[in-house]
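Participant: Handing you a structure now.
Nothing in this text is a laboratory measurement; each read-out follows from the coordinates by a stated rule. These numbers come from a predicted model, not from an experiment. Glycine gets a Cβ as well: all are built from the backbone with ideal geometry, and neighbour counts include every protein chain shown.
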Amino acid sequence: MSWVLDNLDLIGSLALEHLRQCLLPLVLGFVISIPLGWVAYRFRLTRGVILTIVGLLYTIPSLALFAILPTVFGVGFLSETNLVIALTVYAVAILARSVADALGSVDPEVRQAAVAIGYGPWRRFWGVEFPLAGPVVLAGLRVAAVSTVALATVGILIGVDNLGYLFTNGLQRRIVPEVLAGTLAVMLIALLVDVLLVLAGRALMPWTRRRRAARAPLERMALRAGGAV
Amino acid sequence: MNLFLDAFAWIFAPDRLAGSVPLPLAIGQHLAYTAVSVLVAGLIAVPLGWAIGHTGRGREVAVAISGAARAIPSFGLLVLLVLVFGVLHKPEAAVTSFVLLAIPSILAGAYTGFEAIDRRVIDAGRAMGMTEWQILWRIEVPLGLPLLIGGLRSAALQVVATVTIAAYVGLGGIGYYIIQGVPLRRFDQILGGALVVVAVALVLDGLFALLQHLVVPRGVAAGRAPELRTTSSRRRAAVESSTT
């Protein structure tokens with residue numbers, strides 16, 4: 001325990017670094033997944049292709065993805081960009097599917113009503129379909145956020161300093177509290193991000209407060225999201 | 001693209017069959033760790049998941065566990081157990097961490113498989129005089145099997161990925177080539193090892209996907225197949241709800 005108390009500064013700065021490295025992939029992944037999920041939802045042909053590809057991407061073990069990305073994108077192997085791209089790939093793999101599922105969950109009669117009152121495709125998507133798909137998208141975003149925070153620790157193996165540093169350093173110096181503190185700090189950050197997402201969801205989608213928000217899709221996703229580490 | 005050629009040259013070089021860690025041995029180690037861990041996790045999680053699914057008790061706890069488990073950094077858990085077990089018991093420590101990581105997906109697969117079953121089917125079984133034991137083995141287990149295999153599939157993929165990282169603590173497996181290649185700057189070896197890991201993961205995923213199709217009971221598959229092609233799921237749901 002004394003190790004933790006002596007090194008609170010280190011843990012704090014690594015935690016901030018960790019959080020920073022996770023936020024960019026989540027934002028990027030979310031932005032990429034909206035058009036991708038829409039295309040997967042809208043057309044039968046692209047649905048199969050996109051969902052198969054993101055499914056296969058999700059099966060790639062993280063260490064292998066770190067090794068393959070530099071060759072494909074021409075980034076340095078031991079660089080933060082490599083980690084950010086890899087985490088974005090995994091976030092897209094989770095989110096593209098949940099955006100597609102979410103848009104599919106919108107009541108077709110509401111969609112027809114929007115067309116009937118004269119909503120064009122663009123305004124209908126942003127004003128009607130996307131907000132109504134929100135709860136299911138949020139469920140996917142929560143899964144993506146929590147697994148991104150946990151997954152980022154592997155970045156230490158390609159020389160990117162974050163909370164994973166406490167694992168490799170703790171192993172070399174055989175300090176159990178250091179590794180335990182790192183593990184708990186990661187879980188705490190994951191919990192924090194999850195709570196923030198739920199609060200943001202309540203603020204942005206006040207109508208979900210009354211209805212019990214999409215639970216079934218969240219649990220179905222728990223099954224799928226076991227893949228990558 | 002040249003790097004990919006180098007990587008393939010590395011994979012198929014005759015040296016891969018010799019040396020301190022021959023490639024077939026590394027692949028064998030990787031698969032053995034995966035198989036043992038998923039098997040042990042299955043022995044724990046399947047009966048537990050079935051009990052939760054059959055009785056409906058303890059469901060909230062199971063949901064909470066599978067949710068929290070996603071936040072556990074697998075690399076951290078692995079290192080933690082290696083330190084706690086002592087360096088002499090590295091394989092035991094590693095397998096324990098793989099088992100702990102595999103349990104939540106299998107548990108979720110087992111109980112969601114039972115929950116997805118139409119209650120009327122189970123009520124019909126009970127009305128015909130089936131015992132609870134018969135309902136479990138003749139209705140719930142066969143109908144829940146595809147989702148259980150799905151849970152085993154995610155668990156196996158997660159373990160394959162974690163075994164790769166476990167090369168860092170000196171466990172062997174295919175990850176050894178990647179970890180060892182980094183300080184040596186042997187990029188053909190790093191990429192070659194990565195491609196082998198990906199191939200193993202994809203083959204395993206494909207086998208589980210195939211198994212998932214094969215275990216669908218014949219009656220279920222026969223009743224479902226034509227509908228899938230002709231109507232959308234929403235219309236099918238509408239038809240189903242209007243007939244009841």
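Participant: Counting other beta carbons within 10 Å of each Cβ, put B:Asp123, A:Asp9, B:Asp188, A:Asp161 in order, fewest first. Please list the in-between numbers first.
Facilitator: On the way: B:Asp123 11, A:Asp9 8, B:Asp188 19, A:Asp161 14.
Listing B:Asp123, A:Asp9, B:Asp188, A:Asp161 from fewest to most nearby Cβ atoms yields A:Asp9, B:Asp123, A:Asp161, B:Asp188.
Participant: Residue farthest toward the positive end of the dipole of the protein assembly as shown, with Cβ of Lys/Arg at +1 and Asp/Glu at -1: which of B:Ala94, B:Ala209, A:Pro35?
Facilitator: Ranked along the dipole, the leading option is A:Pro35.
Participant: log₁₀ I(q)/I(0) of the protein assembly as shown at q = 0.06, 0.10, 0.13 Å⁻¹, via Debye over equal Cα point scatterers, no solvent, to two decimals?
Facilitator: -0.28, -0.79, -1.28
Participant: Based on the Kirkwood radius over alpha-carbon pairs, what value in µm²/s does the Stokes-Einstein equation return for the translational diffusion coefficient of chain B at 10 °C and 1.306 mPa s?
Facilitator: Roughly 78 µm²/s, to the nearest whole number.
Participant: Could you give log10 I(q)/I(0) at q = 0.24 Å⁻¹ for the range A:23-116, computed by the Debye formula over C-alpha point scatterers of equal weight, without solvent?
Facilitator: -1.17
Participant: On to the next question. Based only on Cα atoms, what Rg/Rh ratio does the range B:146-227 have, Rh being taken as Kirkwood's radius? Please list the in-between numbers first.
Facilitator: On the way: Rg = 17.8 Å, Rh = 14.6 Å.
Taking Rh as the inverse mean 1/r over Cα pairs, Rg/Rh reads 1.21.
Participant: Choose one of B:Leu157, B:Tyr33, B:Gly193: the residue whose Cα lies farthest towards the positive end of the charge dipole of the protein assembly as shown (beta-carbon charges +1 Lys, Arg; -1 Asp, Glu; about the Cα centre).
Facilitator: B:Leu157
Participant: Mean-square fluctuation check for chain A, GNM, Cα pairs under 10 Å: which of A:Gly55, A:Gly127, A:Gly201 is largest?
Facilitator: Fluctuation is largest for A:Gly127.
Participant: What size of dipole, in debye to the nearest 20, comes out for chain B about its Cα centre when the only charges are +1 on Lys and Arg C-beta atoms and -1 on Asp and Glu C-beta atoms?
Facilitator: That gives chain B a dipole magnitude of about 480 debye.
Participant: Another question about this same structure. Output ³J(HN,Hα) for the range A:138-145: one whole-Hz value per residue in order, computed from phi by the Karplus curve 6.51 cos²θ - 1.76 cosθ + 1.60 with θ = phi - 60°, and x for Gly and Pro.
Facilitator: Karplus-based 3J(HN,Hα) across the range A:138-145 equals 4, 4, x, 5, 5, 4, 4, 5 Hz.
Participant: Let me ask something else. Can you give the alpha-carbon Rg of the range A:88-212 over 2.2 N^0.38 Å, where N counts its residues?
Facilitator: Ratio of Cα Rg to 2.2 N^0.38 Å: 1.44.
Participant: Next question. About its Cα centre, how strong a charge dipole does the protein assembly as shown have in debye, to the nearest 20, once Lys and Arg get +1 and Asp and Glu get -1 at the Cβ?
Facilitator: It comes to approximately 1480 debye.
Participant: Within 10 Å of each Cβ in B:187-197, how many Cβ atoms from other chains are there, averaged over the peptide?
Facilitator: Per residue, the average neighbour count from other chains is 4.
Participant: Another question about this same structure. Measuring from the lowest to the highest alpha carbon on each principal axis, how far does chain A reach, largest first, in angstroms?
Facilitator: Principal extents (largest minus smallest coordinate, Cα): 67, 42, 27 Å.
Participant: Enter the Cα centre distance for the pair the range A:101-156 and the range A:22-54, rounded to the nearest angstrom.
Facilitator: 11
Participant: Residues with amide H under 5 Å of A:Val160's amide H, sequence separation 5 or more or different chain, H placed in the peptide plane at 1.01 Å from N; which?
Facilitator: For A:Val160, whose amide H was placed from the backbone, there are no distant partners under 5 Å.
Participant: Rounded to the nearest 500, what is the 222 nm mean residue ellipticity of chain B from helices alone, with -39500 (n - 2.57) per DSSP H run of 4+ residues and division by all residues?
Facilitator: -26000 deg cm²/dmol
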